[in-house]
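Okay, structure first, notes after.
The values are calculated or read from the model by the stated rules, or taken from the named source; none is laboratory data. If you're wondering where the values come from, they're calculated on a predicted model, not measured in any experiment. Every residue, glycine among them, receives a Cβ derived from its backbone with ideal geometry; neighbour counts consider all protein chains shown. Accessible surface is based on the protein model in full, side chains and every heavy atom, while ligands, DNA and RNA are left aside. Shrake-Rupley method; radii C 1.70, N 1.55, O 1.52, S 1.80 Å.
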Amino acid sequence: MIVRYVDEYRQGEQVQSWLDAIAAALTRPMTLMEVCGGQTHTFLRFGLDALLPEALTLVHGPGCPVCVTPIELIDHALAIAAQPGLLLASFGDMLRVPGTRDDLRSLKARGADVRIVYSPLDAVRLAQQHPDRQVVFFGVGFETTAPAHALTVLQAHQAGLSNFSLLSALVLVPPAIATLLADPANRVEAFLAAGHVCAVMGYGQYEPLAARYRVPIVVTGFEPLDLLQGIHCAVRALAAGHSGVENQYRRAVQREGNPAAQQALKRVFEVCDRPWRGLGVLPASGLRLREAWRTYDAAERFPLAEPIAREHPECLAGEVLRGLRKPPACPAFGAACTPEHPLGAPMVSSEGACAAYYRYRSVT
Ligand code: SF4
């Protein structure tokens, strides 16, 4: 079947025939993980997970950048935003993520100048509009949005702005998958990799991982038929005992990715170790500004005096993000923790697994 429009990736009859194909290919119980919050939300929104064969277990991974941002970085952003005269900008979801003692939304309500922006470049415009104030952009994302952050720094440099800096919480997906696979508690046998990350970086970077751990990794899109086709590829590979990378999302992803975006990334950022919420410090999993651009690094311009970094004791985000527990199995889900009163980031973010279950599954 040739599909050209988004609607065609949602057709009920096609959904049923792919569900039938998955059931026919399933030779034994299998566990798959999707590593993208957007995919998690599609599963829940369209109820696809409930239609899959019982022998197929789908778990949700650390695919939401807001959710994996460690609490110490949230605390750092809070400390920066509390400085008199300073303007801190970030994406809307970041305002409600709880830090150890506070969140940016509450800080804003108490008078701090915290702004929501829709693109990192909006923060550069704010710096141009307020030349007498320090403007910090709290940047969060995977490889998908990292090139836009690189352009932000380049644009600030071109504009000669000395009042702009970036607090980077940018992270890379393959080291997180490697960590999950190396964990003795891991039960995931195959992965659906996020199509948009691969649209930027290509999928060659997943090939050594698939070979080393002998797992199928399927680059997958975001519509219902994309996801079912991705699952079908993974199930077929597992049934045949094959590992390696397959590309379901060929309409957007090439093996080599987007070289121009990768070049911008490399020019501005270097790889560093980075703590992830729930996963600990992952080697070579974060992006920080290169030495040449360090003058734009908010972490250096506004160092954090006394890190505290304490997660809420009731929040099991670490287990949710490692696929060891589904959100409704967290005792706080829908009770102490709701989108209005979140205890952890996965209940806040528009890509968070806890938020997806809360929104699309009734809480009883
Ligand atoms: S439901 Fe709330 S408390 Fe439980 S893991 Fe999710 S965010 Fe944390």
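How many of the residues making up segment 307-344 are near the ligand (Cβ under 8 Å from one of its atoms), at pLDDT below 90 and among the hydrophobic types (A, V, I, L, M, F, W, C)?
Qualifying residue count for the region: 0.
So which residues in segment 194-208 are out of contact with any helix residue (DSSP H, G or I) (no Cβ under 6 Å at 6 or more places or on another chain) and aliphatic (A, V, I, L, M), if there are any at all?
Result: 194, 199, 201.
For residues that are assigned to a helix (DSSP H, G or I) and surrounded by fewer than 18 Cβ atoms within 10 Å (Cβ to Cβ), tally how many sit in segment 156-168.
The qualifying residues number 2.
Quick check, is residue 352 on the phi > 0 side of the Ramachandran plot and not hydrophobic (A, V, I, L, M, F, W, C)?
Spelling it out, it is not the case that residue 352 is on the phi > 0 side of the Ramachandran plot and not hydrophobic (A, V, I, L, M, F, W, C).
Residue 28 versus (1) part of a loop (DSSP other than H, G, I, E, B); (2) modelled with pLDDT of 95 or more; (3) touching a Leu at 6+ places or on another chain (Cβ under 6 Å): which is the lone unmet condition?
Here residue 28 meets the rest and fails (3).
Whether any residue in segment 272-285 is more than 16 Å from the ligand (Cβ to nearest atom), out of contact with any helix residue (DSSP H, G or I) (no Cβ under 6 Å at 6 or more places or on another chain), of a type in the set (S, T, N, Q) and at negative phi is what I want to check.
Scanning segment 272-285 turns up no residue that is more than 16 Å from the ligand (Cβ to nearest atom), out of contact with any helix residue (DSSP H, G or I) (no Cβ under 6 Å at 6 or more places or on another chain), of a type in the set (S, T, N, Q) and at negative phi.
Somewhere in segment 107-115, is a residue touching a residue at least 24 places away in the same chain (Cβ under 8 Å), among the small types (Gly, Ala, Ser) and surrounded by fewer than 24 Cβ atoms within 10 Å (Cβ to Cβ)?
Yes.
Residue-by-condition table, conditions (1) touching a residue at least 12 places away in the same chain (Cβ under 8 Å); (2) open to solvent by less than 30 Å² (accessible area, probe 1.4 Å); (3) in contact with a Pro (Cβ under 7 Å, 6 or more places away or on another chain):
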| position | (1), (2), (3) |
| --- | --- |
| 312 | yes, no, yes |
| 318 | yes, yes, no |
| 324 | yes, no, no |
| 331 | yes, no, no |
| 341 | no, no, no |
| 349 | yes, yes, no |
| 352 | yes, yes, yes |
| 355 | yes, yes, yes |
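Being open to solvent by 80 Å² or more (accessible area, probe 1.4 Å), closer than 25 Å to residue 86 by Cβ and in contact (Cβ under 8 Å) with a residue 40 or more places away in the chain is the filter here, so list the residues in segment 268-294 that pass it.
Answer for segment 268-294, where residues must be open to solvent by 80 Å² or more (accessible area, probe 1.4 Å), closer than 25 Å to residue 86 by Cβ and in contact (Cβ under 8 Å) with a residue 40 or more places away in the chain: just 288.
Please enumerate the residues belonging to segment 34-57 that are touching a strand residue (DSSP E or B) at 6+ places or on another chain (Cβ under 8 Å), of a type in the set (A, V, I, L, M) and free of Cβ contacts under 8 Å to residues at least 40 places away in the same chain.
The answer is 55, and nothing else.
Sort through 141, 195, 221 and tell me the only one that's within 17 Å of the chain's Cα centre (by Cα), more than 25 Å from residue 17 (Cβ to Cβ) and in contact (Cβ under 8 Å) with a residue 40 or more places away in the chain.
After applying the criteria, what remains is 141.
Just for helices (runs of 4 or more DSSP H) wholly inside segment 266-364: which have at least 1 residues that are closer than 20 Å to residue 34 by Cα?
Of the helices (runs of 4 or more DSSP H) lying wholly inside segment 266-364, those with at least 1 residues that are closer than 20 Å to residue 34 by Cα span 317-321, 353-360.
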